[in-house]
Each structure stands twice: as C-alpha cells, then as structure tokens.
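Have a look at the structure below before the remarks.
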Amino acid sequence: MRSTVIALNAVSGLAHIAQFGIIYPLLSLWLDAHGMPAWQIGLVGSAVWLGMMFGNLLAPQWLARLGAGALAAGGCLSTAVLALLMPLLPTQALLLWCLASSLLGIGIGLRWIGVESWLYAIVSGAQRGKVVGVHETLIYAAQCAGPALVALLGIDSISFFVGSGFAVLGSLPLLLARTPMPAPRDQTALRPGAVLLGLVQHLRRSLGNQLGLLAGVLDGVLFGMLGIYFVRRGLGADQAAFMMTIFGLGALVSQVPLGWWSDRFGVRSATRLAAVLGLAGALLLFAAHAPWDWPAAVLLGLVTSCGLTVAIIAATQSASEEKRNMGVAVAEVSIAFTLGSALGPVLAGTLLDFCGPGALPLLAALGCCALHLVTLNAHTSPLQHKRASAT
C-alpha cells in the first residue's frame, strides 16, 4: 500500500504544478497582459471551476467503469494537450477561452476525483487527517513552485509548454500504484444526477460540504484574482507572479500542522484557527502597505488551502463512519468547492473593476468570517465531537 500512497501523492504533486501551479494563474496574467478586462478574466477563471464541477459530476460513474488510474491519466493528458493549444487562441475570443478553460477544468476534476478517492479509500480513518495534510502539502508545494516558474519564465508561451510537460509527468507515477481501490457497492449512487441530489440533501447538515463551498469562494477570489489585485496595485506581472508564489508558500507550510491539529482537536477547531489567521491576512492586505503584502499573502494562502483541507477531512471521515461510498463523498465536497470557486473570480473581477482593489481583501475577510460561523451550526460526526470534547 505504501508504494501506492507515494505514487498517488506524486501524481497530484506533478499534475498540480501543471494545472493549478502554472496554467491557472497564468491564464489571468496572460489575458491581463493582452488587454482583456478584469470582468472577462473573471469569467474565464470561473469557466475552469464550472468545468471542474462537470468533471466531478461525471467522475464517480466513470470511476466505477474505467478505474481510478484511467480517470487520473485522462485528466493529466487532456491538460497537456490544452496547455499546448491555449497560447494559439486570440485573446479577443472570450468564448474560446471560456471553452478551453472549461475543458481544463473537466480534466482537473477527473484527476482530482480519481486520485483522491483512491488514496482516501485505502488509508485508515485514524490516519486520514495526517494523510490529507501530507497530500495537500505536496499539492500546495506545487502551487508554490508553479507561479515561481511563471515568474522565472515570464508571461510567455514557454510557460504553457512547461505546464504541458508537467502534466505528462504527472501521469507516469500511476504505473507504480498497485493497491486497487475498493469497488463501490451501490452503482446507482454514482450517476451524475444522484451525486448532485446527494450534495443538495447533505449540504444542510454536512460540515464538509459547507466548508467546501466556502473554501471554494475564498479560493476563487484569492487564487483566481490575487495576481490581478497586485497588478492593479502597481506591481509588474512578474512581481505579481512572485507574490502568488508567496501566497502558495502559506498554503505549503500549513497543511501538515493543520492535519495534526484536526486529528488532535477536531475539524471545527482547525477551521476556526485558519479563519482567524486568514482574517488577519485580509486586514494586512487591506492596509495596502508593501511591507505587509508578504505576511498577508502567506496568511491568505493558509486560509485558502486550509478551508479545502478541513472540508476533505470532515467529508471523508463522515463517509467512513457512515459506510458511504468514498468516491461519492469526495465528489460531493469537490462539487461544493467548485461551485464556490466558480462564483469567486466573477465576483472579485466585477468588484475590482467597479470598486477598486480594496474590494478583494474585503471579500476575503467576509469569507473568513463565514468559515468561522459555519462551524457554530453545521453537523459534525460523533467521532469528531468526541475528539474535540476529549481535549
């Protein structure tokens, strides 16, 4: 099993360098450099998340038919092809960019569900917080390394080509994944309509899905538009890409400690801690003083990444305790996340155009407050209650 865990972590790390580390932030910086308005860039960013939502809906059924390995490989290789084609698109063709971004999102969604469903299905519940923390650390290491490569290579076609290469590399470790994913019991629950209905039914009482939705909004606002915010503040595109690297660093260093904290003190406590630190980052960013941008970016990277991490921990823990299909549970929280992420760039881009740069840290602050509030009301599994009360 260990070799499979290592291989799946490698797939996510390498593919994430391509998909979210290089291509996703490069999209906004490329289009901004070529004169596209911020609200249109927001639409292109949102199209990625809408594509991911569609991919997440299809993934559980395809997971049962094709297998997790084929699903993940298809997501990686489709990204490689799109990264080669994107620089050829005219920047005035908004619909073409939205279509390409949607296809990119579908590939990300297939890889995401394929790898993470497989990984969390083969590890024990007692270790899941640590495993999620390590997995997300590798993902956000990629999210940190990707913008650094963009800053080094420039807002140029070569960055897209390097992203394509990393996507191909991401498919190779799948050859070393030997431990099979347990077969699902209920095939009807895997249909796209059933997955979406399950999300709606569980959203009201599922802490994981609620956290996923809010984490998505924060991710869409910050990861999608923070680079544009810094450009609007007067930084060059390469400097903005470097600040996104600092943003990714905050995500990188927080994942293992957050996983440990969640195992030790419960998901609610971990969420509140991340929300408070993120609120501090939003306030520092709102002050708009250059020396404070660095700690602000680190703290905002922390809350953006930790929101998804605690959502996955909560959702997968509940799935294990309730004997639900792991692929469906991961798909539900992923769809909730992508719905929020689709809203984030459009909202942030529109407010940046009409209200100025200060709108972005304000949205981030509101998102952090919402993360804290949802922990006061949402249902948590008995085991998570037990962990929290034991401390």
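Sorting R232, R2, R111, R205 on the 10 Å Cβ count, fewest up front, what's the list?
R2, R205, R232, R111
What FRET efficiency, computed as 1/(1 + (r/R0)^6) with R0 = 22 Å and r the Cβ-Cβ distance, is obtained for L95 and F354, rounded to the nearest 0.05?
0.45
Of all the Cα-Cα pairs you can form in the range 1-155, what percent are over 21 Å apart?
Summing the P(r) of the range 1-155 above 21 Å gives 47 percent of all pairs.
Apply the membrane-span-like helix rule to the chain: whole DSSP H runs, Cα extent along the own long axis of at least 18 Å, mean Kyte-Doolittle hydropathy at least -0.5. List the helices found.
2-16, 38-66, 68-85, 94-122, 128-153, 157-171, 207-232, 237-265, 267-287, 290-321, 326-355, 359-374
What is the sum of charges around A359, taking Lys and Arg as +1, Asp and Glu as -1, for the other residues whose C-beta is under 11 Å from the C-beta of A359?
Residues near A359 contribute 0 overall.
By how many nm would the segment from M1 to V200 grow when fully extended, if each residue of separation counts as 0.36 nm and the alpha-carbon distance is taken off?
Length gained between M1 and V200: 68.2 nm.
About the Cα centre of the chain, what is the dipole size in debye to 20, counting +1 per Lys and Arg Cβ and -1 per Asp and Glu Cβ, all else neutral?
1100
Sort Y140, Y229 so the one with the fewest other Cβ atoms within 10 Å of its own Cβ comes first.
Y229, Y140
Cα centroids of the range 250-303 and the range 4-40: how far apart, whole angstrom?
21
What relative contact order, as a whole-number percentage, does the chain give when Cα pairs under 8 Å and 6 or more residues apart are counted?
28
Which three numbers, in whole Å and largest first, are the semi-axes of the equivalent ellipsoid of the range 1-76 derived from its Cα gyration tensor as √(5λ)?
Each semi-axis is √(5λ); the values are 30, 17, 7 Å.
Taking a temperature of 20 °C and a viscosity of 1.002 mPa s, what whole-number D in µm²/s does Stokes-Einstein yield for the range 135-179 with Rh from Kirkwood over alpha carbon pairs?
Diffusion coefficient, whole number: 181 µm²/s.
Can you give me the orientation-averaged projected area of the convex hull built on the Cα atoms of the range 315-376, in nm²?
5.0
Order these by the 10 Å Cβ neighbour count, fewest first: F230, F54, F354.
Fewest-to-most ranking of F230, F54, F354: F354, F54, F230.
Taking a ≥ b ≥ c as the square roots of the Cα gyration tensor eigenvalues, with a/c under 1.5 meaning rounded and otherwise prolate when a/b beats b/c, else oblate, which class fits the range 283-361?
Verdict is oblate for the range 283-361.
Using the per-residue mean of other Cβ atoms lying within 10 Å as a proxy for protection, in what order, highest first, do the peptides 303-314, 337-348 fall?
So the order, starting with the most tightly packed, is 303-314, 337-348.
Could you tell me the largest-minus-smallest coordinate of the C-alpha atoms of the chain on each of the three principal axes, in descending order and whole angstroms?
Sorted largest first, the three principal extents are 52, 43, 34 Å.
Just so you know, all these numbers are worked out from the coordinates, no wet-lab data involved. On a predicted model such as this, the values are computed, not experimentally measured, just so you know. As a convention, Cβ positions derive from the backbone with ideal geometry for all residues, glycine included, and neighbour counts pool all protein chains shown.
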